[in-house]
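Novice: Submitted below is the structure of interest, expressed as structure tokens.
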Amino acid sequence: MAFCHVDHELAPVRRVAIFGGTHGNELSGVLLVKHWLENSAEIQRVGMVVKPFLTNPRAVQKCARYIDCDLNRVFDTEHLSEQETEDMLYEVKRAQKINSIFGPKGSDDAFDLIFDLHNTTSNMGSTLILEDLNDDFTVQMFHYIKLALSPASCPVLLIDHSNLKYATTRSVAKHSVGVEVGPQSHGVVRADILDNMRRIIKHGLDFVELFNSGKEFPPCSIEVYKIQEKVDYPRNEAGEIVAFVHHHLQDQDWQALKPGDPVFLDLDGNVIVYDGDYTVYPTFVNEAAYYEKKQAFIKTVKVTLTAKCIRSSVLNQE
Amino acid sequence: MVTLRRPLMLICLAGTEQVDQTLFLIMFKPLKRVVVTGDTHGNEMSGVYLAKHWLKNPSELQRETFSATPFLGNPRATEKIVRYVDQDLNRSFKTEILTSSSEGDELYEIKRAKEINQLYGPKGSTQTYDFMIDMHNTTSNMGACLIVDSTENHLIMHMANYVQKNYTLAKTPIYLYKLGDEESYAIDSICKYGLALEVGPQPQGVVRADALKHMRGLVNSVLDFIDLFNKGTAFPAFEIEAYKLLAREDYPRSSDGEIMAIIHPHLQDKDFDPLNPGDPMFQTLDGKDIIYEGDTPVYPTFINEGAYYEKKIAFAKMEKLTFSIPAIQAQTE
Ligand SMILES: [Zn+2]
């Protein structure tokens, strides 16, 4: 029997939160969190506290992505330390509140783990979003979830990137998991999408319970899609979109896009092709919320990540 | 007897009470003044982009006997990529609203409705435009749906029949929206005749190439029909299947209005398929099914439409009927 080196022992994960409604019109997470606030039996596990939480209640009320600004982009030091004023943006105020309950971000007092539930209009299936490629605990969890869901696929998007990483709501916790399930229109709840999201949370919580119980997870590796570049729509001088996602690319999230493949199509029938040098894997293809962010899709490349053997330090403490 | 919308001449070859529609030929004036709008709802993007495109380059809307004029119905909603700014524009064309006094604090869509009514109406007058195409998208799986007020509108039923036969890249069901004697509140009701196109599924705020292609195909097919009609082509009588609105079904809600159950996975995406007594309609988050308890099958449409949560509509219940439509022809000079 190989045992984890003592260096690989990690603190148990006791305080867990599940966020819904970070974007108020992504309804799977909104409905699941509301449901669990009334009846949390489904998400409770031995040896941990799991707290469901609605992060942006005013946006949920309006069924809008946000009120003043995107809540999932303001968890940086600048916004979290902004002096409270009368005209402070609603989402910045919420971010500070969330940071005070579940953080402070980067401190020992922060929650151990946060799942943040999102939907996309893109055909991304059940996607897990990883922020830190060195987070062995989370990589091990993703490995566990992928195995539990197979043969259904569960792609992992790695957003660890010097310019493209954004300050997410879940980043207040020590370990953070973005759950992104699609395709689903904003403001709509589909039973199949809700069910897929629910399965991810079930397996994620099962993993934490096993980990806390002292189970050792041997070294593992997973394939991830590493974010590389944002691609905007072709626009005219006035900034208006002049070509759309080509039907050969639509719904083809995670599929290889090779040099010369069609990417955009304009209303006169002209095709714009991918002119890169190597194959990329597009995702967030034609996401509604990203038109304003000037993003038609993001290019990713496939990378294999490995995680060390991990084990909870709980047994040694007892 | 049949009621006819604006027949100029009715040739009745049989004097019996049992009306055989095949014995009629109904004459209509040609459709010369035609408008096309695409952004009645500012986040339904097929129409938004097509209308903008045609404003720059309208050649696609030209036919031998007429040229259709594109216009933007709700530019402020379009700019913000929202359905509406103050209220639903496509519910703002009742005579009562169009003739209300103009106080300074009017809602934007009411102001727009009055402007559009001046440009292409006024509703019910002799000066109205002949025909309006109104382009919409839905998050429901409705294909390339043709929305007509009622089958008594024989000219538009011929148009729908022509589109069904000539645009075959998507299903093109006919949706009859007139419920009882209710006056139409839709934008196309200000013209003599109107047809709304409802293409889905497409999320709001998103342009899908496939939905855009279908929308474009429908519009071109409609314009082709009008051109043939204007040239004096006789269109013979026919029978056709169409779905007529019966009632609207809301989500099960708690006493404080919260949705308690969602569209059942067996019903999702099944627009225009029969829902039989005993079939599941909704599912609670505890996994309980709520079944349809009616006596006869209905045909749900607008299943899980994003914009209808606030209107308290989970789906529209339709009946499937067969109609016989008499022959028509344009009255040419
Ligand atoms: Zn619409």
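Novice: Cβ-Cβ under 6 Å, sequence separation 6+ or interchain: first residue in the range B:301-317 and farther than 22 Å from B:THR172 by Cα, partner in a loop (DSSP other than H, G, I, E, B) and within 14 Å of the ligand (Cβ to nearest atom). Which pairs?
Specialist: none
Novice: Let me ask something else about it. Among (1) within 19 Å of B:LYS52 (Cβ to Cβ); (2) at pLDDT below 90, where does B:LEU119 come up short?
Specialist: Single failed check for B:LEU119: (2).
Novice: Now, a different point. Name the pairs whose Cβ atoms lie under 6 Å apart, with the first residue in the range B:271-289 and within 21 Å of B:LEU245 (Cα to Cα), the second at pLDDT below 95, and 6 or more positions between them or separate chains?
Specialist: Once the first residue is within 21 Å of B:LEU245 (Cα to Cα) and sits in the range B:271-289, its partners that are at pLDDT below 95 give B:PRO277/B:GLY294.
Novice: Could you say whether any residue in the range A:219-239 is in contact with a Cys (Cβ under 7 Å, 6 or more places away or on another chain), in contact (Cβ under 8 Å) with a residue 24 or more places away in the chain and under 23 Å from A:VAL139 (Cβ atoms)?
Specialist: Yes, that holds for at least one residue.
Novice: Turning to a different aspect of this structure: Which one is nearest to the ligand (Cβ to nearest atom) among residues in the range B:287-304 that are within 14 Å of chain A (Cβ to nearest Cβ) and surrounded by fewer than 19 Cβ atoms within 10 Å (Cβ to Cβ)? Steps first, answer last, please.
Specialist: Applying the first criterion (within 14 Å of chain A (Cβ to nearest Cβ)) to the range B:287-304 yields B:287-290, B:302-304.
Still in the list and also surrounded by fewer than 19 Cβ atoms within 10 Å (Cβ to Cβ): B:287-290.
Numbers: B:GLY287: 33, B:LYS288: 33, B:ASP289: 31, B:ILE290: 28 Å.
Among them, the one singled out is B:ILE290.
Novice: Could you check how many residues of the range A:203-227 are within 22 Å of the chain's Cα centre (by Cα) and surrounded by 14 or more Cβ atoms within 10 Å (Cβ to Cβ)?
Specialist: 14
Novice: Continuing with this model, one more query. Consider the range A:123-136. How many of its residues are more than 14 Å from the chain's Cα centre (by Cα) and crowded, with 21+ Cβ neighbours inside 10 Å?
Specialist: So the count comes out to 1.
Novice: Return the residues of the range B:126-139 that are more than 16 Å from the ligand (Cβ to nearest atom) and either within 20 Å of B:ALA316 (Cβ to Cβ) or assigned to a loop (DSSP other than H, G, I, E, B) (or both); say none if nothing qualifies.
Specialist: Those that are more than 16 Å from the ligand (Cβ to nearest atom) and either within 20 Å of B:ALA316 (Cβ to Cβ) or assigned to a loop (DSSP other than H, G, I, E, B) (or both): B:THR126, B:GLN127, B:THR128, B:TYR129, B:ASP130.
Novice: Also: Is at least one residue of the range A:150-159 part of a helix (DSSP H, G or I), out of contact with any Lys or Arg (no Cβ under 9 Å at 6 or more places or on another chain) and not hydrophobic (A, V, I, L, M, F, W, C)?
Specialist: Checked against the condition, which is being part of a helix (DSSP H, G or I), out of contact with any Lys or Arg (no Cβ under 9 Å at 6 or more places or on another chain) and not hydrophobic (A, V, I, L, M, F, W, C), the range A:150-159 yields no hits at all.
Novice: Please specify each residue of the range B:73-95 satisfying the condition of being within 16 Å of the ligand (Cβ to nearest atom) and in a helix (DSSP H, G or I).
Specialist: Residues satisfying the conditions are B:PRO75, B:ARG76, B:ALA77, B:THR78, B:LYS80, B:LEU89, B:ASN90, B:ARG91.
A quick yes/no check of all residues on (1) away from chain A (no Cβ under 14 Å); (2) in a loop (DSSP other than H, G, I, E, B); (3) within 16 Å of the ligand (Cβ to nearest atom); (4) at pLDDT 95 or above:
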| residue | (1), (2), (3), (4) |
| --- | --- |
| B:ALA51 | no, no, yes, yes |
| B:GLU64 | yes, yes, no, yes |
| B:ALA68 | yes, no, no, yes |
| B:ILE97 | yes, no, no, no |
| B:GLU115 | yes, no, no, no |
| B:GLY124 | yes, yes, no, no |
| B:ASN141 | no, yes, yes, yes |
| B:ALA144 | yes, no, yes, yes |
| B:ILE147 | yes, no, yes, yes |
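Novice: Only residues in the range B:179-206 that are more than 16 Å from the ligand (Cβ to nearest atom) count as the first member; pair them with residues that are in a loop (DSSP other than H, G, I, E, B) and aromatic (Phe, Trp, Tyr), Cβ under 7 angstrom, at least 6 apart or cross-chain, and list the lot.
Specialist: Every condition considered, the pairs that remain are B:ILE190/B:PHE93; B:CYS191/B:TYR129.
Novice: Within the bounds of the range A:296-308, is there any residue that is at pLDDT below 95, buried (at least 20 other Cβ atoms within 10 Å of the Cβ) and either away from every other protein chain (no Cβ under 14 Å) or closer than 16 Å to A:LYS230 by Cα (or both)?
Specialist: For the range A:296-308, residues at pLDDT below 95, buried (at least 20 other Cβ atoms within 10 Å of the Cβ) and either away from every other protein chain (no Cβ under 14 Å) or closer than 16 Å to A:LYS230 by Cα (or both): absent.
Novice: While we're on this one: For B:ALA160, are the conditions met, namely being within 23 Å of B:LEU228 (Cβ to Cβ), within 14 Å of chain A (Cβ to nearest Cβ) and more than 14 Å from the ligand (Cβ to nearest atom)?
Specialist: Spelling it out, it is not the case that B:ALA160 is within 23 Å of B:LEU228 (Cβ to Cβ), within 14 Å of chain A (Cβ to nearest Cβ) and more than 14 Å from the ligand (Cβ to nearest atom).
Novice: Hey, another quick one. Give the residue that is modelled with the lowest pLDDT, with candidates limited to residues of the range A:168-192 that are small (Gly, Ala, Ser) and in a helix (DSSP H, G or I).
Specialist: Among them, the one singled out is A:SER171.
Novice: Just one of A:ASP195, A:ASP206 is more than 14 Å from chain B (Cβ to nearest Cβ) and assigned to a helix (DSSP H, G or I); which is it? Working first, answer last.
Specialist: Values: A:ASP195 fails: more than 14 Å from chain B (Cβ to nearest Cβ).
It is A:ASP206.
Novice: Take the range A:80-91 and flag every residue that is surrounded by fewer than 21 Cβ atoms within 10 Å (Cβ to Cβ) and either touching an Asp or Glu at 6+ places or on another chain (Cβ under 6 Å) or in a loop (DSSP other than H, G, I, E, B) (or both).
Specialist: Once the filter is applied, which keeps residues that are surrounded by fewer than 21 Cβ atoms within 10 Å (Cβ to Cβ) and either touching an Asp or Glu at 6+ places or on another chain (Cβ under 6 Å) or in a loop (DSSP other than H, G, I, E, B) (or both), the range A:80-91 yields A:SER81, A:GLU82, A:GLN83, A:GLU84, A:THR85, A:GLU86, A:ASP87, A:MET88, A:LEU89, A:TYR90.
Novice: So, of the residues in the range B:305-327 that are part of a loop (DSSP other than H, G, I, E, B) and within 16 Å of the ligand (Cβ to nearest atom), which turns out to be nearest to the chain's Cα centre (by Cα)?
Specialist: B:GLU305
Novice: Continuing with the same structure: How many of the residues in the range A:23-79 are within 11 Å of chain B (Cβ to nearest Cβ) and outside any helix (DSSP H, G or I)?
Specialist: Final tally of qualifying residues: 5.
Novice: For the condition among the acidic types (Asp, Glu) and within 13 Å of another protein chain (Cβ to nearest Cβ), what is the one hit in B:ASP210, B:ASP227? Break it down into steps so the answer makes sense when it comes.
Specialist: On the way: B:ASP227 fails: within 13 Å of another protein chain (Cβ to nearest Cβ).
Only one candidate qualifies: B:ASP210.
Novice: Which of (1) among the basic types (Lys, Arg); (2) surrounded by 18 or more Cβ atoms within 10 Å (Cβ to Cβ); (3) within 14 Å of another protein chain (Cβ to nearest Cβ) is the odd one out, the single condition A:ARG235 does not satisfy?
Specialist: (2) is the only condition that A:ARG235 fails.
Novice: Quick one: would you say B:ILE226 is touching a residue at least 12 places away in the same chain (Cβ under 8 Å), assigned to a strand (DSSP E or B) and crowded, with 23+ Cβ neighbours inside 10 Å?
Specialist: For B:ILE226, the condition - touching a residue at least 12 places away in the same chain (Cβ under 8 Å), assigned to a strand (DSSP E or B) and crowded, with 23+ Cβ neighbours inside 10 Å - is not met.
Novice: For A:LEU249, are the conditions met, namely being part of a loop (DSSP other than H, G, I, E, B) and either out of contact with any strand residue (DSSP E or B) (no Cβ under 7 Å at 6 or more places or on another chain) or surrounded by 19 or more Cβ atoms within 10 Å (Cβ to Cβ) (or both)?
Specialist: Spelling it out, A:LEU249 is indeed part of a loop (DSSP other than H, G, I, E, B) and either out of contact with any strand residue (DSSP E or B) (no Cβ under 7 Å at 6 or more places or on another chain) or surrounded by 19 or more Cβ atoms within 10 Å (Cβ to Cβ) (or both).
Novice: Please enumerate the residues belonging to the range B:164-198 that are among the β-branched types (Val, Ile, Thr) and either assigned to a loop (DSSP other than H, G, I, E, B) or closer than 23 Å to B:GLU319 by Cβ (or both). Steps first, please.
Specialist: Looking only at the range B:164-198, we keep the residues that are among the β-branched types (Val, Ile, Thr), and these are B:168, B:172, B:174, B:187, B:190.
Matches in the range B:164-198: B:THR168, B:THR172, B:ILE174.
The values are calculated or read from the model by the stated rules, or taken from the named source; none is laboratory data. Only a predicted model underlies this, so the values are computations on that prediction, with no experimental measurement involved. No Cβ is skipped: glycine too gets one built from the backbone with ideal geometry, and neighbour counts run over all protein chains shown.
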